[in-house]
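Engineer: One structure is given below, represented as structure tokens, and several questions about it will come after.
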Amino acid sequence: MIPEWKKEGEWLVTHLTAAEADMPIGNLLREQWKLPRKQVHLLFQHKEVILDGTPAPQHLRVQAGQQLRLRLCTPEPYGVEPDQKPVEVLYEDDHLLVVYKPAGVLLHPTEPHHRGTLDHLVAGHFARTGVAAKVRHVHRLDQDTSGLVLYAKHAWASALLDEELRERRIKRTYLAFVHGKMEKESGKIDLPIGKDRYHAARRRVAPNGDPALTTYQVVERYRDATLIRCSLETGRTHQIRVHLSHIGHPLLGDALYGGKTTLLSRQALHAYRLQVPHPFGGRVIEVEAPLPADLVSLKSRLANAPF
């Protein structure tokens, strides 16, 4: 396990434990703590690996209780122009940031003229709080999906979180309102997803597509709709929308995949829970975001409709 680190200016600082004792410091950084080899090389080359106040060579074996400092937080350009509008922060420490993305807001710019994306808002938050780091989102949400988005605040955290996402250790849970009454209380949709050659913006279930697995549980049933809780085991584009449409239960408001827009003008999908094993120390960070106003209103209308 990688120990906890504290940020002090441009440096990350920790105290070594018995688990690291007697290891060559270069091996510790590369093999145990998974720093990229090129980054480790540069740290030693620039004498930015400091053990008990002294630059350390790669072969030096460390001892429990020693203080280790790595210069891993040098200033970087944000990558996008900071937007001074506030962003709702639900969790933040020296390494991670979890923010709320409203429906209708792009996650990141896809055209040079795009402004006001979530990345722009996070850059603004960094500027206001003195964080000079590139804006690095770890995963994505569709423009019209509301909910939680995880960001890394430096390159090492980004690399470790990317690995956690690939290994499915980061758990993302969604609430979705779908057409029709789902009969089963829970289920799995294990169907590959690929591009739709007839529609550039769409995805579809395809035998030669990428593996995709969605699990779901029924939360509430209404007259002709169901509220379900969904978890992603993979992260394909439009995965929940494609899978639910394919089994005959498209999301309310999701016109692209067969949903009706009479009650809602965007897909009724909300990323409400995020569980992240912290890359430094291992404790699980769990963050939740309640349903936004438009989905609270939708839920009320569905619940009060006569059966």
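Engineer: With a ≥ b ≥ c taken as the square roots of the eigenvalues of the C-alpha gyration tensor of the range 175-214, please select rounded if a/c is under 1.5 and otherwise prolate if a/b is larger than b/c or oblate if it is not? Kindly include the intermediate steps, with their values, before the conclusion.
Structural biologist: Values: a/c = 3.01, a/b = 1.67, b/c = 1.80.
Cα axes put the range 175-214 in the oblate bin.
Engineer: By a straight-distance test (C-alpha under 20 Å), which aspartates and glutamates pair with Lys184 as possible cross-link partners, with residues fewer than eight away in the same chain excluded?
Structural biologist: Glu220, Asp224, Glu233
Engineer: Once Lys and Arg get +1 and Asp and Glu get -1 on their Cβ, which of Leu70, Leu60, Val99 lies farthest toward the positive end of the dipole of the range 55-151?
Structural biologist: Farthest towards the positive end: Leu60.
Engineer: HN-Hα J couplings of the range 105-119 from phi, Karplus 6.51/-1.76/1.60, θ = phi - 60°, integer Hz, Gly and Pro as x?
Structural biologist: Along the range 105-119, the couplings run 9, 5, 6, 9, x, 10, 9, x, 7, 5, 10, x, 6, 4, 4 Hz.
Engineer: Right, another one. Where in the chain lies the longest segment free of GluC sites (Glu not before Pro) that are both loop residues by DSSP (not H, G, I, E, B) and have at most 11 other Cβ atoms within 10 Å? Mind dumping the intermediate values first?
Structural biologist: On the way: sites that count: Glu167, Glu183, Glu185.
That gives 1-166 as the longest site-free run.
Engineer: Something else now. Here is the link list: Lys171/Lys260; Lys85/Lys299; Lys101/Lys195; Lys7/Lys134; Lys6/Lys101; Lys34/Lys153. Which ones come out longer than 23 Å on Cα distance? Intermediate values should be presented prior to the final figure.
Structural biologist: Numbers: Lys171/Lys260 29 Å; Lys85/Lys299 29 Å; Lys101/Lys195 26 Å; Lys7/Lys134 16 Å; Lys6/Lys101 28 Å; Lys34/Lys153 17 Å.
With Cα atoms farther than 23 Å apart: Lys171/Lys260; Lys85/Lys299; Lys101/Lys195; Lys6/Lys101.
Engineer: Can you say what percent of the DSSP beta bridges in the chain, counting only those with both residues inside, are antiparallel? Round to 5.
Structural biologist: Values: 59 of 61 bridges.
Among the beta bridges of the chain, antiparallel pairing accounts for roughly 95 percent.
Engineer: Another one. Suppose R0 equals 45 Å; then what is the FRET efficiency for Lys184 and Gln84 from their Cβ-Cβ distance, rounded to the nearest 0.05? Write down the numbers at each step before the final one.
Structural biologist: Values: r = 48 Å, r/R0 = 1.06.
Computed FRET efficiency for Lys184 and Gln84: 0.40.
Engineer: Can you check how the C-alpha radius of gyration of the chain compares to 2.2 N^0.38 Å, as a plain ratio?
Structural biologist: Values: Rg = 22.5 Å, N = 307, 2.2 N^0.38 = 19.4 Å.
That ratio works out to 1.16.
Engineer: Shape call for the range 164-302 from the C-alpha gyration tensor, a ≥ b ≥ c root eigenvalues: rounded (a/c under 1.5), prolate (a/b greater than b/c) or oblate?
Structural biologist: Note, shape of the range 164-302 comes out oblate.
Engineer: Rounded to the nearest 20 Debye, what is the dipole magnitude of the range 121-165 about its Cα centre when Lys and Arg each give +1 and Asp and Glu each give -1 at the C-beta?
Structural biologist: On the way: 5 positive and 5 negative charges, 65 e Å.
In total the dipole reaches around 320 debye.
Engineer: HN-Hα J couplings of the range 247-253 from phi, Karplus 6.51/-1.76/1.60, θ = phi - 60°, integer Hz, Gly and Pro as x?
Structural biologist: Along the range 247-253, the couplings run 8, x, 10, x, 5, 4, x Hz.
Engineer: Starting from the Cα of Ala305, step 7 Å toward the Cβ, then list every residue of the range 225-258 with an amide N under 15 Å from that point.
Structural biologist: Under cut-off, by backbone N: 225-228, 249-254.
Engineer: Which net charge results for the neighbourhood of Arg203, defined as the other residues with beta-carbon distances under 9 angstrom from its beta-carbon, given Lys and Arg at +1 and Asp and Glu at -1?
Structural biologist: The answer is +4.
Engineer: Is the shape of the range 1-140 best called rounded, prolate or oblate, per the rule: a/c under 1.5 gives rounded, else a/b larger than b/c gives prolate, else oblate, with a ≥ b ≥ c the square roots of the Cα gyration tensor eigenvalues?
Structural biologist: Here the range 1-140 falls in the prolate category.
Engineer: Springs between alpha-carbon atoms under 10 Å, Gaussian network over the chain: tell me which of Arg169, Arg241, Arg229 tops the mean-square fluctuations.
Structural biologist: The residue with the greatest mean-square fluctuation here is Arg169.
Engineer: Considering only DSSP states other than H, G, I, E and B, which chymotrypsin sites (Phe, Trp or Tyr not before Pro) in the range 194-292 qualify as loop sites with at most 14 other Cβ atoms within 10 Å?
Structural biologist: Working: sites: Tyr198, Tyr216, Tyr222, Tyr257, Tyr272, Phe280; in loops: Tyr198, Tyr222, Phe280.
Within the range 194-292, the qualifying chymotrypsin sites (Phe, Trp or Tyr not before Pro) (loop, at most 14 other Cβ atoms within 10 Å) are Tyr198.
Engineer: While we're looking at this one, here's another question. For the residue pair His41 and Arg61, what label-to-label distance in nm results when each label sits 7 Å from Cα along the Cα-to-beta-carbon direction?
Structural biologist: 2.7 nm
Engineer: Specify which residue in the list Thr234, Gly194, Ala155 is farthest towards the positive end of the charge dipole of the range 141-266, using unit charges on the beta carbon of Lys, Arg (+1) and Asp, Glu (-1), about the Cα centre.
Structural biologist: Going by the charge dipole, the pick is Gly194.
Engineer: Ordering Thr215, Thr74, Thr129, Thr226 by accessible area with a probe of 1.4 Å, largest first, what comes out?
Structural biologist: Numbers: Thr215 30, Thr74 55, Thr129 75, Thr226 0 Å².
Order by accessible area, largest first: Thr129, Thr74, Thr215, Thr226.
Engineer: Specify the angular offset, from 0 to 90 degrees and rounded to the nearest 10, of the alpha carbon long axis of helix 293-304 from the longest principal axis of the alpha carbons in the chain.
Structural biologist: 40 degrees
Engineer: Val80's amide H: which non-local residues (gap 5+, or another chain) put their own amide H closer than 5 Å, with H modeled 1.01 Å from N in plane and none for Pro or chain starts?
Structural biologist: Excluding prolines and chain starts, which carry no amide H, the hits are Val135.
The values are calculated or read from the model by the stated rules, or taken from the named source; none is laboratory data. None of the values given here were measured: they were computed from a predicted structure. No Cβ is skipped: glycine too gets one built from the backbone with ideal geometry, and neighbour counts run over all protein chains shown. To get the accessible areas, we keep the full protein, side chains included, count just its heavy atoms, and leave off ligands, DNA and RNA. Shrake-Rupley method; radii C 1.70, N 1.55, O 1.52, S 1.80 Å.
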